[in-house]
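*Asks:* If you scroll down you'll find the structure; I have some questions about it.
All of the numbers you see were taken from the coordinates with simple rules; none came from a lab. All values reported here derive from a predicted model rather than from experimental measurement. Please note: Cβ atoms are built from the backbone with ideal geometry, for glycine as well, and neighbour counts cover all protein chains shown.
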Amino acid sequence: MTQFYLIRHGEPDWEINELYQLKGHGRDLVPLTDTGARQVYEAAKDERLQAAEIIVSSPYTRALQTAAILSKELGLDIRIEFDLREWQPDLTFQYDSLKRLTELGNDYDANGGVYPPGETRPWESKEMLKNRVEKVIDQYLGFQKVIITGHGMAFRTLIGEAPETPHASISEYTKTGESSEI
């Protein structure tokens, strides 16, 4: 049995997106705000994290910065997993504005993350997201306690929590099974 501590990244500096008019994955390069970094330093004090063996992180800057702070505070190595990235609002990675991102997110929400019968959408379905994240998690079942730094929607989809996950919050997820090769 493996205990996973899912830690949503600290507060990101979304203003950079608008300042530089970032598009697609460029939008995922934003760092944490000073408040976001403080949130993570505070989370690092949580007793549950003290026995963790490794940190696994999404490749997005906000999650990597969160993992780096935790690594420094807890003395743990970090592994980066591309498939821990956040929900993909556009599977072609071409969306180009906050307005378009909002439209895609609203369509996802209106459909409950499920494509209407006989249709596809540009966004990643709930099932696709959950399968992607579970595939990564399954690789770490050989550990007893694992910290994963990532994103709100990815974590909510995995464990079925409430619609909004606070920044730098810790959710627990336990899974039993055999580890894949890592």
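*Asks:* Find, to one decimal place in angstroms, the Kirkwood hydrodynamic radius of the chain, where the mean of 1/r is taken over every pair of different Cα atoms and then inverted.
*Replies:* 16.8
*Asks:* Let me ask another. Count the net charge of all other residues whose Cβ sits under 15 Å from the Cβ of residue 45, scoring Lys and Arg as +1 and Asp and Glu as -1.
*Replies:* For residues surrounding residue 45, the net value is -1.
*Asks:* Looking at the square roots a ≥ b ≥ c of the eigenvalues of the Cα gyration tensor of the range 1-41, which shape do they give, rounded for a/c under 1.5, prolate if a/b is larger than b/c, or oblate?
*Replies:* Oblate, because a/c is 1.5 or more while a/b does not exceed b/c.
*Asks:* Here is the link list: 72/130; 99/135; 135/175; 45/130; 72/145; 126/175. Which ones come out longer than 24 Å on Cα distance?
*Replies:* Table pairs above 24 Å Cα-Cα are 72/130; 99/135; 45/130.
*Asks:* What is the gain in length, in nm to one decimal, between residue 97 and residue 172 on full extension, counting 0.36 nm per residue of separation less the C-alpha to C-alpha distance?
*Replies:* Gain on extension, residue 97 to residue 172, equals 23.7 nm.
*Asks:* Please compute the net charge surrounding residue 35, taking Lys and Arg as +1 and Asp and Glu as -1 over other residues with Cβ under 13 Å from its Cβ.
*Replies:* In short, -3.
*Asks:* Same structure, new question: I want to verify a result. In a Gaussian network model of the chain, Cα cutoff 10 Å, which of these has the top mean-square fluctuation: 137, 16, 170?
*Replies:* Among 137, 16, 170, the largest GNM mean-square fluctuation belongs to 16.
*Asks:* At most 16 other C-beta atoms within 10 Å and a DSSP loop state: those are the exposed GluC sites (Glu not before Pro) I care about. Give me the longest piece of the chain that has none.
*Replies:* It works out to 54-118.
*Asks:* Another question about this same structure. What FRET efficiency, computed as 1/(1 + (r/R0)^6) with R0 = 45 Å and r the Cβ-Cβ distance, is obtained for residue 14 and residue 115, rounded to the nearest 0.05?
*Replies:* According to the calculation, E is roughly 0.95.
*Asks:* In a shell of Cβ-Cβ distance under 14 Å around residue 168, excluding residue 168 itself, what net charge do Lys and Arg (+1) and Asp and Glu (-1) give?
*Replies:* -1
*Asks:* Within the chain, what percent of beta bridges assigned by DSSP are antiparallel, to the nearest 5?
*Replies:* Of those bridges, close to 35 percent are antiparallel.
*Asks:* With all distinct Cα pairs included, what does the Kirkwood hydrodynamic radius of the range 131-172 come out to in Å, to one decimal, could you say?
*Replies:* Here the Kirkwood hydrodynamic radius works out to 11.2 Å.
*Asks:* Let me ask another. Using amide H atoms built 1.01 Å from N in the peptide plane, name the residues 5+ places from residue 124, or on other chains, whose amide H lies under 5 Å from its own.
*Replies:* The list, which skips near neighbours in sequence, is 88, 90, 91.
*Asks:* Another question, then. Per-residue ellipticity at 222 nm for the chain, helices alone: DSSP H runs ≥ 4 residues times -39500 (n - 2.57), over residue total, nearest 500 deg cm²/dmol?
*Replies:* Calculated from helices alone, the mean residue ellipticity at 222 nm is -10500 deg cm²/dmol.
*Asks:* What residues qualify as long-range amide H neighbours of residue 149, i.e. H under 5 Å apart, gap of 5 or more or another chain, H built at 1.01 Å from N?
*Replies:* Counting only residues 5 or more places away or on other chains, the set is 7, 56, 57, 58.
*Asks:* Among 152, 26, 118, which one shows the biggest mean-square fluctuation in a GNM of the chain, springs joining Cα atoms closer than 10 Å?
*Replies:* 118
*Asks:* Restricting to Cα pairs below 8 Å that are 6+ residues apart, what does the relative contact order work out to for the range 67-182? Please round to a whole percent.
*Replies:* 27
*Asks:* While we're here: Separation between the residue 47 and residue 72 pseudo-spin-labels, each 7 Å from Cα along Cα→Cβ, expressed in nm?
*Replies:* Distance between label points: 2.6 nm.
*Asks:* Then there's this: Taking the highest mean first, how do the peptides 107-114, 65-72, 33-40 order by number of other beta carbon atoms within 10 angstrom per residue?
*Replies:* The most tightly packed comes first, giving 65-72, 33-40, 107-114.
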